[in-house]
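The values are calculated or read from the model by the stated rules, or taken from the named source; none is laboratory data. Bear in mind that the values here come from a model prediction, so they are computed numbers and not experimental data. Positions of Cβ are backbone-derived with ideal geometry, glycine not excepted, and every protein chain shown enters the neighbour counts.
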Amino acid sequence: MSAMILQELKPFYGKRQAVKAVNMELASNQITAIIGPSGCGKSTVLRCLNRMHETIPGATATGTVLLGGQDIYAADVDPTMIRIKVGMVFQQPVALRTRNVYENVAIGLRLQGISQRAELDAAVERALRSAVLWDEVKDVLSKPGTALSGGQQQRLAIARALAIQPDVLLLDEPASALDPIATASIEELLVTLKQRLTIVIVTHSMQQAARISDETAVFMVDVGQNQTIGELVEKGQTTQVFTQPSDPRTESYISGRVG
Amino acid sequence: MRTFNYRRRKLTDQVMRGLSALATGCAIIPLIAIIGYVLTIGAGAMSWSFFSDVYQPPSSAPEPTADKPAPAYDPNDPFADISVAPIDAAGNVDPTVSVYNAAPRGGVLHGILGTLTIAGIGLLFALPIGIFAGIYLSEFRNERYATIVRFCCDVLSGSPSIVAGVTIYVLVVLQAKQFSAVAGSMALAILMIPIVTRTTEEMLKLVPETMREAARGLGAPVWYSTLTVVLPAALPGIVTGVMLAFARGAGETAPLILTVLGSNVISMDIFKPMAALPLLTYRYTESPYPGENTQAWGAAFVLMMLVLLMNILVRVATRKAGGNSR
């Protein structure tokens, strides 16, 4: 089963096409890793999956992205509704300033009009437990979110995204600003989370992709005479991609010859 | 060779450092001189009644008391007007005492209340417009329109304040055939709006883009992430801008001359003329009575203290409100 299907997805920055048309399927309840060198458009493609791409001034995308059979790029779709179903965690751990730990998680619920204290309490605890953060923060819920460590803030961001129970969770290099111990805890968390939702993770670390992902998509930069453009060169089972890549560019990338 | 270069570089560094320190000194000399001068001379006007009383005409007559009431007015007596007649303690006209040398009497309470009212209402006009315009410029980028608005703001904040006064004089005072405090507030609002707009914009831009994305990634519309995430994070900076705007408005004289006119009594009717500290300073400076000249410095001193006090109060208040932010 595919949670999302990308058909002829072409992201643009102004008039410049950033990535050649992408066609791929993202399997349900699996972790799909997107790897590739800098500038290959992997973050751009990820941001297209919940229409965050277009929040950058001048950025647009064409093509079709099916989420549960519905095209999220259809004309009558409100992008904010898509972002509720497809959550996102960013590279820099973000604790919302002026909000305490509890409110950092509750913001998405409040946005949906949930204001009953008991309902909020239960949902916040559930989200923090899912993010394996509850035991560390249950006594400091009223402390500012910015007081947590970097690794805790990133799990706080994941809890915030999980609180509204999305179908898909997108992570844009979630561990690249963290130390190895915090990275390990995030990776462990993602592996347990895939039972409940579909995960797409952009990462610079091939080891990370190999450790946690079920499928891997490899993007490369195509340096043309006039413009550089990203391109999906390979997508398959992670073990397959890392042991018997079908594309020579993938092989040279994962063996460390380029990128 | 190497030593020569090193010594030369070190010398250049010291010279440049010295010049910078000198320039900084020159820049703060006027500030210190003004504050010092206002403090020294204005302190001479300070007394309890300066804060609790309104305008009193200069007079050499003693303050009337219960056992010595003010003498009854006699229309046939050319010196009967107690405000100008030199009258001694016994109630007799004393030709050796001149009203010219009379000690200053009365206070500037009407000016304090007037300034707070006029600048306060001006801020009420300027805050919503300025903050929403700042939010628009920073959060809803329509670059062409934003560039125009930004340019107009900068021109407006650089234009002489008398222009705002004349504009309101023509558009409001002449139409209503009435000088009024609210017209003064409008003139001050024109001067405050660009300050509030630009500081709001700059402070919102300092909030990291990652915070906006975090909120938007949850499906928050722009207005929601702005109001609940971005604006609170930028609040301390915006408050500073608002205080700057208040200080600018409270200190303006020229637009008030053309709009609120001034008053000698406490008047809280915002559709009538009102007193204001800068107006009192201006009026008393022109006065022929040395006592009132001193009071001009006093009024300037009170104005400075008022702005300072407001600043401190608002800062303490916002620090408490946003206390868990740091």
Next item on the list: Collect the residues in the range A:53-72 that are touching a residue at least 40 places away in the same chain (Cβ under 8 Å) and in a loop (DSSP other than H, G, I, E, B), keeping them in residue-number order.
Entry: A:Ile56, A:Gly58, A:Gly68
Notebook entry, point to check: What is the residue count in the range A:137-154 for residues that are more than 11 Å from chain B (Cβ to nearest Cβ) and either over 11 Å from A:Val101 (Cα atoms) or hydrophobic (A, V, I, L, M, F, W, C) (or both)?
Noted result: 8
Margin query: Looking at A:Thr60 and the list (1) surrounded by fewer than 21 Cβ atoms within 10 Å (Cβ to Cβ); (2) within 14 Å of chain B (Cβ to nearest Cβ), which single condition is not satisfied?
Written below: (2)
Notebook entry, point to check: How many of the residues making up the range A:92-125 are buried (at least 19 other Cβ atoms within 10 Å of the Cβ) and either at positive phi or among the polar types (S, T, N, Q) (or both)?
Noted result: 4
Note to self: Just to be sure before I move on: is A:Leu46 in a strand (DSSP E or B) and among the hydrophobic types (A, V, I, L, M, F, W, C) in the structure I sent?
What the structure shows: no
Item checked: Of all residues making up the range A:201-239, the number that are in a loop (DSSP other than H, G, I, E, B), modelled with pLDDT under 90 and surrounded by 18 or more Cβ atoms within 10 Å (Cβ to Cβ) -> 0
Next item on the list: For residues that are in contact with a Ser or Thr (Cβ under 8 Å, 6 or more places away or on another chain) and more than 8 Å from chain A (Cβ to nearest Cβ), scanning just the range B:231-241, find the one that is nearest to A:Leu111 (Cα to Cα).
Entry: B:Ala234
Next item on the list: Would you check which residues across the range A:234-259 are in contact (Cβ under 8 Å) with a residue 60 or more places away in the chain and under 21 Å from A:Gln17 (Cβ atoms) and list them?
Entry: A:Lys235
Note to self: Can you tell me how many residues within the range B:197-221 are in a loop (DSSP other than H, G, I, E, B) and either surrounded by fewer than 20 Cβ atoms within 10 Å (Cβ to Cβ) or at the interface with another protein chain (Cβ under 7 Å from one of its Cβ atoms) (or both)?
What the structure shows: 6
Check: For the range A:152-163, does any single residue satisfy the condition of being among the β-branched types (Val, Ile, Thr) and within 18 Å of the chain's Cα centre (by Cα)?
Finding: yes
Next item on the list: May I ask you to say which residue of A:Leu128, A:Leu133 is more than 14 Å from every other protein chain (Cβ to nearest Cβ), touching a Phe, Trp or Tyr at 6+ places or on another chain (Cβ under 6 Å) and closer than 15 Å to A:Val89 by Cβ?
Entry: A:Leu128
Margin query: Please determine whether any residue of the range A:173-182 is closer than 24 Å to A:Ala122 by Cα, more than 9 Å from chain B (Cβ to nearest Cβ) and in contact (Cβ under 8 Å) with a residue 40 or more places away in the chain.
Written below: no
